[in-house]
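Worksheet: the structure to be examined is printed underneath.
The values are calculated or read from the model by the stated rules, or taken from the named source; none is laboratory data. Small disclaimer: the values here were computed from a predicted structure and weren't measured. No Cβ is skipped: glycine too gets one built from the backbone with ideal geometry, and neighbour counts run over all protein chains shown.
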Amino acid sequence: MALPVIVDDTHRQHDPPFELHAGQRVAPVPERPARIDAIRDALTAASFATHPTTPHDDSVLDGVHDPELVTFLAGAYAAWRRAGGPEVMLPDTFRSPAWAGGGRRPRSPLGALGWYCTDTATPLTAGSFAAARAAVDMACTAVQHVLDGAPAAYALTRPPGHHAGPGYFGGFCLLNHAAAAAQRLRSAGPVAIVDIDVHHGNGTQDIFYRAGDVLYTSVHTDPDHQYPFFSGATEELGEGAGHGTTRNLPLPPGTDDAGFLHAVEIACEMTEAFDPAAVVVSLGFDAAAADPLGQLAVSAEGFVRAGALLGALRRPTVLVQEGGYALEELGGLAVATLTAFDAAHA
């Protein structure tokens with residue numbers, strides 16, 4: 001296959017033994033190394049060519065994350081353990097905007113976690129930051145393939161990234177690799193991000209909410225019913241120079257291929273009208289009917305048609321992996337979607 005696939009085994013260093021979801025201990029966690037194994041094995045069997053990741057310095061995070069967040073994540077686990085924290089790093093207290101002045105960051109490493117983390121479903125272990133940082137390098141390597149002339153490239157990234165915002169992380173996401181890819185592509189002109197993960201990419205939206213040269217469109221379950229709950233409504237349109245460059249297309253739970261593909265078509269029409277120099281696709285497979293965390297009912301054929309719609313944009317494109325948790329289906333969905341994308345993009 002012509003589409004280069006960027007891989008890196010550093011993701012294995014992020015392997016939390018449990019998380020807390022709706023107050024319940026969940027083990028094994030849904031976002032685990034087996035996800036990437038399933039996709040990579042299927043792509044290899046289908047003759048997709050894999051390429052190694054090129055390391056990048058931290059300048060690839062400029063304009064994406066506050067330096068404070070990156071510094072915190074890089075040293076958080078070691079500081080947590082020195083302060084007496086247990087092996088799995090999870091917050092139990094979170095800051096609230098209702099506090100006077102928005103609250104004050106505590107000095108304690110045990111309390112600082114709740115300043116940056118948004119939920120209890122994003123545990124950290126000793127290798128979590130290395131895995132997230134490698135995912136950013138993977139996305140930027142895919143960008144380099146495209147800047148060097150490849151029509152498109154796919155970064156098989158893990159952990160996912162689109163819930164990580166300028167100064168916060170959560171929703172399984174530590175660093176936002178789709179945003180890092182878009183930021184690097186901005187040097188060539190306007191960029192459009194199309195997010196088809198079943199969850200709204202609140203972090204990506206927040207990073208570019210005031211950017212007039214980055215269009216963010218997202219097809220996701222209505223946040224009245226699905227994480228992240230507080231972000232992803234149609235009235236969120238961007239601010240300042242970015243007013244109109246955020247477009248959310250929330251869907252009711254149970255939406256099948258017809259409704260999903262209609263929304264993807266609209267996102268592609270908006271992208272065409274924006275006329276970007278390049279496109280970034282946040283590619284989640286958790287809208288699949290069998291996904292344990294999603295609330296939509298998209299079939300394998302629905303993903304094939306979505307891949308064809310995205311490929312038909314025929315723009316230089318970087319695809320990055322986001323969610324998708326039905327392990328037995330992930331490999332087949334990835335092969336079918338990327339094959340359809342590649343054929344339409346040619």
Across the range 147-174, what is the number of residues that are more than 21 Å from GLN226 (Cα to Cα) and either crowded, with 24+ Cβ neighbours inside 10 Å or in contact with a Phe, Trp or Tyr (Cβ under 8 Å, 6 or more places away or on another chain) (or both)?
-> 8
Can you pull out the residues in the range 209-225 that are touching a strand residue (DSSP E or B) at 6+ places or on another chain (Cβ under 7 Å) and surrounded by 20 or more Cβ atoms within 10 Å (Cβ to Cβ)?
-> TYR209, VAL214, LEU215, TYR216, THR217, SER218, VAL219, HIS220, THR221
Please work out which residue is nearest to LEU124 (Cα to Cα), limiting yourself to the range 50-75 and to residues that are in contact with a helix residue (DSSP H, G or I) (Cβ under 7 Å, 6 or more places away or on another chain) and assigned to a helix (DSSP H, G or I).
-> LEU73
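Is it fair to say ALA273 is surrounded by fewer than 19 Cβ atoms within 10 Å (Cβ to Cβ), part of a helix (DSSP H, G or I), among the aliphatic types (A, V, I, L, M) and modelled with pLDDT of 95 or more? Spell out how you get there, then give the answer.
Values: surrounded by fewer than 19 Cβ atoms within 10 Å (Cβ to Cβ): yes; part of a helix (DSSP H, G or I): yes; among the aliphatic types (A, V, I, L, M): yes; modelled with pLDDT of 95 or more: yes.
So ALA273 passes the test.
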Is at least one residue of the range 317-340 hydroxyl-bearing (Ser, Thr, Tyr), over 20 Å from the mean Cα position of the chain (by Cα), surrounded by fewer than 18 Cβ atoms within 10 Å (Cβ to Cβ) and over 21 Å from GLU31 (Cβ atoms)?
-> no
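Please determine whether any residue of the range 93-112 is over 20 Å from the mean Cα position of the chain (by Cα), within 30 Å of GLN144 (Cα to Cα) and hydrophobic (A, V, I, L, M, F, W, C). Explain how you work it out, then say what you get.
Residues of the range 93-112 over 20 Å from the mean Cα position of the chain (by Cα): 93-112.
Next, only the ones that are within 30 Å of GLN144 (Cα to Cα) stay: none.
Checked the range 93-112: no residue is over 20 Å from the mean Cα position of the chain (by Cα), within 30 Å of GLN144 (Cα to Cα) and hydrophobic (A, V, I, L, M, F, W, C).
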By residue number, the members of the range 83-101 that are surrounded by 10 or more Cβ atoms within 10 Å (Cβ to Cβ) and either in contact with a Ser or Thr (Cβ under 6 Å, 6 or more places away or on another chain) or part of a helix (DSSP H, G or I) (or both) are LEU90
Quick one: which of ASP137, ASP195, ASP224 is of a type in the set (Asp, Glu) and closer than 13 Å to SER282 by Cα?
-> ASP195
For the range 102-119, how many residues meet the condition of being part of a loop (DSSP other than H, G, I, E, B) and surrounded by fewer than 17 Cβ atoms within 10 Å (Cβ to Cβ)?
-> 6
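Please work out if LEU237 is aliphatic (A, V, I, L, M) and surrounded by 15 or more Cβ atoms within 10 Å (Cβ to Cβ). Even if it seems obvious, please write down each step before you answer.
On the way: aliphatic (A, V, I, L, M): yes; surrounded by 15 or more Cβ atoms within 10 Å (Cβ to Cβ): no.
When the stated conditions are applied, LEU237 does not pass them.
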The range 179-199 residues that are under 17 Å from ASN248 (Cα atoms) and modelled with pLDDT of 95 or more, paired with ones that are among the β-branched types (Val, Ile, Thr) and part of a strand (DSSP E or B) (beta carbon under 6 Å, 6 or more apart) = VAL191/VAL214; ALA192/VAL279; ILE193/VAL280; VAL194/THR217; VAL194/VAL281; ILE196/VAL219; VAL198/THR221
Cβ-Cβ below 9 Å, separation at least six or inter-chain, first residue in the range 50-65 and surrounded by 13 or more Cβ atoms within 10 Å (Cβ to Cβ), second charged (D, E, K, R) and assigned to a loop (DSSP other than H, G, I, E, B): which pairs?
-> THR53/ASP8
Candidates THR71, THR10, filtered to the one that is out of contact with any strand residue (DSSP E or B) (no Cβ under 6 Å at 6 or more places or on another chain) and free of Cβ contacts under 8 Å to residues at least 40 places away in the same chain | THR71
Mind counting the residues in the range 27-49 that are touching a residue at least 40 places away in the same chain (Cβ under 8 Å) and not in a helix (DSSP H, G or I)?
-> 8
For ALA130, work out the one condition from (1) over 28 Å from GLN226 (Cα atoms); (2) within 14 Å of the chain's Cα centre (by Cα); (3) surrounded by fewer than 24 Cβ atoms within 10 Å (Cβ to Cβ) it doesn't fulfil.
-> (2)
